[in-house]
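The values are calculated or read from the model by the stated rules, or taken from the named source; none is laboratory data. Here the structure is a predicted model, which is why all the values come from computation and not from measurement. Cβ coordinates were reconstructed from backbone atoms using ideal geometry, including for glycine residues, and neighbour counts include every protein chain displayed. Please note that ligands, DNA and RNA were not included when accessible areas were found on the heavy atoms of the full protein model with its side chains. Shrake-Rupley method; radii C 1.70, N 1.55, O 1.52, S 1.80 Å.
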Amino acid sequence: MAERPIWEQIGTSFVQLYYQQFDTSREQLGALYTDASCLSWEGQQFQGKASIMEKLMRLPFQKIQHNITSQDHQPTPDNCILSMVVGQLKVDDDPVMGFHQLFVLKNVNDKWICSNDIFRLALYNFA
């Protein structure tokens, strides 16, 4: 069986680390962003590590658990990695909700960081 392409290995490892840290010790996520990183969270825009971490640390729940349904990774022409994650999350005692998250990963000084991050809950209005 052929080994997975390197971009899939890096993307999968990043996704595993990101959600493990998000679920157990959110404050550690700061190491995955830089001052040039951008986050779109449900349409709100944040730029820079400090702004992103302030948003993530102020999310209004005590506990969260992510369950990844699928993930796809692609190399980009500028040597970055595009990672798309689909899954479910459970916060506190709320019902399970679907979510989508897109990351652009960039190698900076031999470390893979998140240069772009877009998060949306998968909520539908069928009315």
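Each Lys or Arg adds one and each Asp or Glu takes one away; over the other residues whose Cβ falls under 14 Å from the Cβ of Glu27, this sums to +2.
Computed over neighbours whose Cβ is under 13 Å from that of Ala50, the net charge equals 0, Lys and Arg +1, Asp and Glu -1. Computed from point charges on the beta carbon alone (+1 for Lys and Arg, -1 for Asp and Glu), the dipole magnitude for the chain about its Cα centre is near 100 Debye. Of the three principal axes defined by the Cα atoms of region 53-93, the extents in descending order read 41, 26, 7 Å. Straight-line reach from Lys49: taking Cα to Cα under 15 Å and skipping same-chain neighbours fewer than 8 places apart, the aspartates and glutamates in range are Glu27, Asp35, Asp117. Ignoring any ligand, DNA or RNA, what whole percent of the accessible area of the chain comes from carbon and sulfur when the probe is 1.4 angstrom? So the carbon and sulfur contribution to the accessible surface is 52 percent.
Across every direction, the projection of the convex hull enclosing the Cα atoms of region 5-127 has a mean area of 8.3 nm². A 1.4 Å probe run over the protein chains yields, for the chain, 62 Å² of accessible area per residue, whole-number rounding.
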